[in-house]
Every structure is written in structure tokens, then in C-alpha cells.
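Novice: To start, I am sharing the structure in question, which I have written as C-alpha cells.
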Amino acid sequence: MTDLPHFDLTVEPWILALGLDGVVHELNPIDVFARADELVSIGGELPTHGFALTRLLLAILHRAVEGPENRTDWAGLWNEPGLPVDAVARYLDRWRHRFDLFSADAPFLQVADLATAKGEFSGLEKLIADVPNGHPYFTTRAGRALRGIGFAEAARWLVHAHAFDPSGIKSGAVGDPRVKGGKGYPIGIAWAGNLGGVLVQGPTLRDTLLVNLLPYREEVLGLSWTEPDEDLPVWERPPLTATVERESTSPHGPADLYTWPSRRLRLQAGDRHVTGVLIANGDPLAVQDAFTFEPMTAWRKSQAQAKKLGRPLVYMPREHQVDRAFWRGLAALLPTGTAQRSSGADTLPPAVSEWLAVLQVHRLVPSTYVLRTRAVGVIYGSNNSVVDELIDDELSLSLAVLRSEHRALGLTAVDAVSAAEASVRALGGLARNLQEAGGGDGTGAADRAREQGFAALDAPFRQWVAGLGPDSDLVEVEERWHRQVRRVVRGLADELLQSSGPAAWRGRLVNQRHLDSALADVFFSTALVKAVPRAFAPTEQDPMELTKEPV
């Protein structure tokens, strides 16, 4: 490698951050930490960039402060203005030689001499996830944009690849004993791609980084992290080679985890642009029972994995679903404490949710503090070898909702989700019955009605749950939600009834009983009363009046 360019990631601007002023800024890491009070969040070309780059910044911050060891250390950081910028600057200066994007010896997150037997590089569509491999016409990138990208953007995609690169056959790197016939056979998707990513965000980037800066020693979190001085990011270890650095082992802590080298990469640099990339297999990391070290995803019990591995209990990441709004999985976010985790619960919350509960219980952060819980993830297709969909959703919650020692407020929120889902099921049942009464099979109508129901309740629920706080009257807020659900879903039901047509009004025999639109409405009304019973209770203004559904 000769005449290599230099791009020092400690001083060059390459991280995109949204400011409180609504402007996107391109900054170097030190400026990000220095201006964190003026910034809202980290971003990039895709939502997943923000997740991967925020974790990278957290790795830097963990190492710069050499901790925090416990909640007392964390409180010291929280109570200081801003972030420890001087400590970050000293740390980055010490490791500056490992942050050169094109170093001849140890390029950042790359292997200097990575090569295939034929000495070839791939096109940038292998690196850039918004260019579907083999289907370049379904993207806004084409022509010159695919022939070369700037160094700053290439650095962002480099971090992203280690986090979210799909599975599939990779380039066969010389020196990797796993290569067969010049090919690197699949070892699975890059680490963060396995997760239903949960990133807790405060009103500023400063708060976001600190609330996600979990201490190494907090028993309720259930994390088996080592001591901070043993938790080394990839740039503090010997330069990577084509061979596996570590196999069948767990990360020592967050700095190790957030910089886990899932791939071996090498960027091909031209004149002020990156023009190609070589992506080979890196270090595998078992996803089963990774709740002992990964804090940013919820978990689900997997009987299939337990049977496969011959274990009594195995947990897998609880992935996001592209057709299911994040708020519908609220129950999986609520902290449970150590008791439920040790009892083999069906789901486990992210460790970061348990940490938020600790912050509130010990009054380190006010219970009225409002956080945005952001869901980020990738849906892969074709044996996990391509990116099909991206997940990016968020939900604002007061810290009190996540408190584990007094769970009534959180359970009220979960019950509200259940009420909405039961009401929408009732709406789907109405649509199915109306279509069957008119001569159809009802399946498609039910699915469309449920989609409409959840879409109509989406904004109202987000607004309702954001308003929950430690002083909320649980009966009053639940009644208010039930009445709102009733109004929305009843309105959609009336539209279905009005558009059902003469055939449904007359009805027909379905499963040996007569079914028409009037009877379908009776079934719906009965189900709606069961779903949101507080919507039908007497009001304070007229306690003698019992609100009735039309039949």
C-alpha cells in the first residue's frame, strides 16, 4: 500500500448530529462531546447509523472515564455540567494513531493487508446498505454516487457495517482458515443486526450518552461485565488480521461489545474518495442468552433454541416487527428486577430499562423526567443476506412509567395497550362479519380494518402515554384512554357499517346461522364493552347515566 491518504477521525468532521436549532452538523468526536448540550441526537444516512455511532461514542466515553464503576460514579458525571470533554480529548489523543482511516499498519476498524487471492475489491453497494445488492434501480444512489463517496461518509458506513452488515457469502480473505474455495461462508449477520435495538434518548445528546452509560457494577442489571480496565475496545487491542481474534467468547463489557469486529474490512481509497471495499467474515458472537452482556434490546424465551442447544432455558433478542408499532410492545420494556429474570419469565426487558428504574428509585433523576425510547432495527430477507426493511420508531415516556418498585403506572400503560388491541380485534371481527354477511370470506377485510384501527390509535396513544407521570390519577387516565379508544374505534365501525351494502344488510347463512350487518354490530358492540369497560361507566357529570352502545 503506497501513497495512502490520511483521514484522522479524532480531528476530521465525520459524525452527523442534529442540533437543537434543527440543523444537521458534521463534527469530529471531540466537538460532539463538547457540544453535546447543543445537540439532540446522532444521525447518518440511515436511522441505523445513529444507533451504531451512538454506541461507538459510548465506548469512547466508557474508556475516557474508566467506568463508571457504580451508581455513585455515575451520579458524579450526571451532576457535572456537560460531559468530561478534557478526559475524552486526552483519551483520543492517546489512541490517535488507531483512528486514521487509512493507516498503513492499523487503519480504523480495518485490516491493513486484507486481500483476496485475486486481489479484488467489491463495489460500494456491498458497503452502502440503502443500495439493494443486485437491484440498484430501486435506490436514489446511482452513477457517480456509487463510484465514490467521501472519506467522512465512508467512515460512517464502516462503523455501520460492523454493526448491521447482512449475512451471506463474503469475500474469502487470504489468511482466514475458514475460507473454502475462495469464499467466506456465512457466520451470521453483524452483531447489532440481531437486536431489536432500544436506544433511550434524553432532550439532549449529553443526557442520551449519560443515561446509556451503564455502570459496570449494578447487580439488578444482570450484566456480567468485567472490571473497566479489562474492557478494551478494538482499537486498544493488537491490530486485526484476517483470522478470528476471539471465538466463542463474550465481550468483556460495553467498550468491547460496542466495537465488536463482526467483519474484516478494508476500504479502497482514491483521490479524496473511497471507491471500493473488501468485506470478509470477522468474529462471530453467539446471540443465545446474550442478555448477560447486551443492554440495548428486550429478550424473549425461545423453546426452539432451548431444544436445539439442549438447555432448559434460552433467551433470544426480541426483534422489532415492521407491521407492529413500537408502543404495542411496551410491556417488554418495563423493568422487572432480578426476581422475574431468575424465574424464567417469557420476556426480559433491556438492561437499560432496569437502569432507568434504578435512577428513579434512588432519585438520581427526577421521576418527571421525560425520555424518548427509540426502536431501531433491520429486517433481513433471503437467509439474512439482504436488507429488506429498516425499523425506526420512538415513544416518549416519563421515567416514572419505568419504575420497578411501584409498577402500577407502568402496568396501567400496558393495560392501555391491551385495551387498544382488544378494541381493534373487535373492529376486525366486525369487518369480517360484514363481508361474510355480504357473501365474501372476510379475511382481507379483517386485516385492513385492524390496520386502520391501529393507525388511527397510534398518535392518540403516544400523546396519552407521554402525559403519564408520578402524579397521574390511574383511574382517571385509564378512563380517559378507554373513552378515546371507544370514540375512535366506534367511528371506524360506523364507517364500515355504512359502506357494507344491501347484501350485508339482508344477510345470509354463515356457519349454519343467519348473519347480517345488524347482528354483526351487536357482536362488535359487546366486544367493545369488554375491551374498554371504563368508556361505558357513568360520568362524573351525570353519574346516573350509563352510556350505551347503539345496537
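Novice: What whole-number value in cubic angstrom gives the convex hull volume per residue for the C-alpha atoms of segment 181-322?
Specialist: Roughly 197 Å³ of hull volume per residue.
Novice: Still on this structure: Report the FRET efficiency, 1/(1 + (r/R0)^6), for Thr241 and Val24, where r is their Cβ-Cβ distance and R0 is 45 Å, rounded to 0.05.
Specialist: Computed FRET efficiency for Thr241 and Val24: 0.75.
Novice: Which whole-percent values make up P(r) of segment 262-340 when all C-alpha to C-alpha distances are grouped in 5 Å steps starting at zero?
Specialist: Per 5 Å bin, starting at zero, the Cα-Cα P(r) for segment 262-340 comes out as 3, 11, 14, 15, 15, 12, 10, 8, 6, 4, 2, 0 percent.
Novice: Along each of its three principal axes, how wide is the spread of alpha-carbon positions in segment 309-380, in whole angstrom units, largest first?
Specialist: Reported extents, whole Å, longest axis first: 43, 31, 16.
Novice: How far is helix 351-361 tilted off the main Cα axis of the chain, in degrees rounded to 10, range 0 to 90?
Specialist: Once rounded, one gets 70 degrees.
Novice: Sorted by accessible area with a 1.4 angstrom probe, largest first, how do Arg263, Arg90 fall?
Specialist: Of Arg263, Arg90, the descending order of accessible area is Arg90, Arg263.
Novice: Let me ask something else. So if each residue of separation counts as 0.36 nm, and I subtract the Cα-Cα distance between Val85 and Lys530, what length gain in nm does that give?
Specialist: 154.6 nm
Novice: Grab the DSSP H runs of the chain that are 4 residues or longer, score each as -39,500 (n - 2.57), total them, divide by all residues and round the 222 nm result to the nearest 500 deg cm²/dmol.
Specialist: Here the helix-only value at 222 nm equals -11000 deg cm²/dmol.
Novice: What's the Kirkwood radius of segment 375-475 in Å, using all Cα pairs?
Specialist: 16.4 Å
Novice: Please report the carbon-and-sulfur percent of the accessible area for the chain; probe 1.4 Å, protein heavy atoms only, DNA, RNA and ligands left out. Walk me through the numbers before you get to the answer.
Specialist: Details: 11930 of 23830 Å².
Of the solvent-accessible surface of the chain, carbon and sulfur hold 50 percent.
Novice: Can you give the translational diffusion coefficient of segment 6-102 in µm²/s, computed by Stokes-Einstein from the Kirkwood radius over Cα pairs at 20 °C and 1.002 mPa s?
Specialist: Result for D is 152 µm²/s.
Novice: Using a 10 Å cut-off on Cβ atoms, rank the peptides 350-358, 493-501 from the highest mean neighbour count down.
Specialist: 350-358, 493-501
Novice: Run through every distinct alpha carbon pair of segment 315-442 and return the Kirkwood hydrodynamic radius in angstroms, one decimal place.
Specialist: Radius from the Kirkwood sum: 17.1 Å.
Novice: Still on this model: Rounded to the nearest 0.05, what FRET efficiency do Asp271 and Asp415 have when you use their Cβ-Cβ distance and R0 = 51 Å?
Specialist: 0.25
Novice: With the crude spin-label approximation of a point 7 Å out along Cα→Cβ, what separation in nm comes out for Arg217 versus Asp130?
Specialist: 4.5 nm
Novice: Taking 0.36 nm per residue of separation and subtracting the Cα-Cα distance, what length does fully extending Asp458 through Leu77 add? Walk me through the numbers on the way to the answer.
Specialist: Values: separation 381, 0.36 × 381 = 137.16 nm, distance 3.64 nm.
Extra length from Asp458 to Leu77 when fully extended: 133.5 nm.
Novice: Right, here's the next one. How far, in degrees from 0 to 90, does helix 47-65 lean away from the longest principal axis of the Cα atoms of the chain, to the nearest 10?
Specialist: 60 degrees
Novice: Measure up Lys126/Lys183; Lys118/Lys180; Lys118/Lys170; Lys126/Lys301 against 24 Å on the Cα-Cα distance and list the ones that go over.
Specialist: In this structure, Lys126/Lys301 lie more than 24 Å apart at Cα.
Novice: I would also like to ask the following. Note the full-extension length gain between Trp505 and Phe523 as 0.36 nm times their separation in residues minus their Cα-Cα distance, in nm to one decimal.
Specialist: Result for the pair: 5.0 nm of gain on full extension.
Novice: Dividing the convex hull volume of the Cα atoms of segment 70-122 by its residue count, what figure in Å³ per residue is obtained?
Specialist: So the per-residue hull volume is 145 Å³.
Novice: So who's got an amide H within less than 5 Å of the one on Leu348, skipping anything under 5 residues away but keeping other chains? H placed 1.01 Å off N, in plane.
Specialist: Long-range HN contacts for Leu348: Trp299, Arg300.
Novice: Turning to a different aspect of this structure: Taking N as the number of residues in the chain, what is its Cα Rg relative to 2.2 N^0.38 Å?
Specialist: Values: Rg = 26.4 Å, N = 551, 2.2 N^0.38 = 24.2 Å.
In units of the 2.2 N^0.38 Å rule of thumb, it is 1.09.
Novice: Using a simple charge model, +1 on the beta-carbon of Lys and Arg, -1 on the beta-carbon of Asp and Glu, nothing else, what dipole does the chain show about its Cα centre, in debye to the nearest 20? Can you show the working numbers first?
Specialist: Values: 56 positive and 69 negative charges, 350 e Å.
Dipole magnitude for the chain comes out near 1680 debye.
Novice: So what's segment 241-293 giving for Cα Rg divided by 2.2 N^0.38 Å, two decimals?
Specialist: Expressed relative to 2.2 N^0.38 Å, the Cα Rg reads 1.44.
Novice: Now a separate question. Can you give the FRET efficiency to the nearest 0.05 for Lys180 and Thr292, using r as the Cβ-Cβ distance and R₀ = 41 Å?
Specialist: Result of the calculation: an efficiency of 0.80.
Novice: While we're looking at this one, here's another question. Please give the per residue volume of the convex hull enclosing the alpha carbon atoms of segment 418-546, rounded to a whole number of Å³.
Specialist: 111 Å³
The values are calculated or read from the model by the stated rules, or taken from the named source; none is laboratory data. None of these values were measured; they are calculated from a predicted model. We place every Cβ from the backbone using ideal geometry, glycine too, and count neighbours over all the protein chains shown. SASA here: full protein model, heavy atoms, side chains in, ligands and nucleic acids out. Shrake-Rupley method; radii C 1.70, N 1.55, O 1.52, S 1.80 Å.
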